[in-house]
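Heads up, the thing below is written out as structure tokens.
Bear in mind that the values in this text are calculations on the coordinates, not laboratory data. Source: prediction; values computed, not measured. Here the Cβ positions follow ideal geometry from the backbone for every residue, glycine too, while neighbour counts run over all protein chains shown.
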Amino acid sequence: MRRWRVVGVAALLVIPGAVPVQDELTRLLAAAYAIRGTIPYSWGGGHAARPGPSLGTCAGYKGKIKPCPAKKTRGLDCSGLARWVYHIGYGWDVLGPGNTDSHLKRLSKISTPRPGDLVFYGTRKRTHHVGIYIGQGKMINAYATGTTVRVDDVKVLDDLLGYYRY
């Protein structure tokens, strides 16, 4: 199993204000772009006491890779990614340790998204996925076991709920 450590740019990004930009959304987008391709997806990853990559859990895992690798994979799931980059952008844990349903409750639905807004999937009562909108129908996304944080089309899933802003 390949091991990785958050070093260099990614480690620097956890310090609020370390990215020389003017606003929260720009900072969180810079962080999301910086970690593309470097951090693996891990079911339940990113939900430790502090935001950032963590070991995942196999509770509730229904992924295609068997046996579940989450307990041995330090990484992020979709809401863990959103939580971490929003922490970097705003300088504190604005989304908290919950899942996509609890994160959605802290946000306002919007009709015209701008880069940095969150893209949710599922229904208002039960969401199952979130990505970080980057514009032109694309998002930075922790998609599934076996992938790393990457850019996807917002149509990668067919049950787009909408765009939300903090």
Margin query: Nothing charged except the Cβ atoms of Lys and Arg (+1) and of Asp and Glu (-1): what's the magnitude of the dipole of the chain about its Cα centre? Round to the nearest 20 debye.
Written below: 540
Margin query: How far apart, in nanometres, would the label points at Lys66 and Ala144 be if each is projected 7 angstrom from Cα along the Cα-to-Cβ direction?
Written below: 1.6
Check: Under the rule of -39500 (n - 2.57) per DSSP H run of 4 or more residues, summed and divided by the residues of the chain, what mean residue ellipticity at 222 nm is obtained, to the nearest 500 deg cm²/dmol?
Finding: -6000 deg cm²/dmol
Next item on the list: Could you list which residues have their amide H under 5 Å from that of Thr147, counting only those 5 or more apart in sequence or on another chain, with H placed in the peptide plane?
Entry: Tyr41
Checklist line | DSSP loop trypsin sites (Lys or Arg not before Pro) with at most 11 other Cβ within 10 Å excluded, longest remaining stretch of the chain | finding: 6-61
Item checked: Cleavage-rule hits, chymotrypsin sites (Phe, Trp or Tyr not before Pro), the range 48-147, DSSP coil, Cβ neighbours within 10 Å at most 14 -> Trp92
Checklist line | Set Lys62/Lys138; Lys72/Lys109; Lys66/Lys109 screened for pairs whose C-alpha atoms are more than 30 Å apart | finding: Lys72/Lys109; Lys66/Lys109
Item checked: Rounded to whole Hz, the Karplus (6.51, -1.76, 1.60) HN-Hα couplings of the range 62-74, x for glycine and proline -> 10, x, 7, 7, 10, x, 4, x, 4, 5, 10, 10, 7
Notebook entry, point to check: Of Pro67, Ile88, Gly131, which is farthest on the positive side of the dipole of the range 12-166, counting Cα position, with +1 on Lys and Arg Cβ, -1 on Asp and Glu Cβ, and the Cα centre as origin?
Noted result: Pro67
Margin query: Using only alpha-carbon positions, what ratio does the radius of gyration of the range 100-166 give when scaled by 2.2 N^0.38 Å?
Written below: 1.02
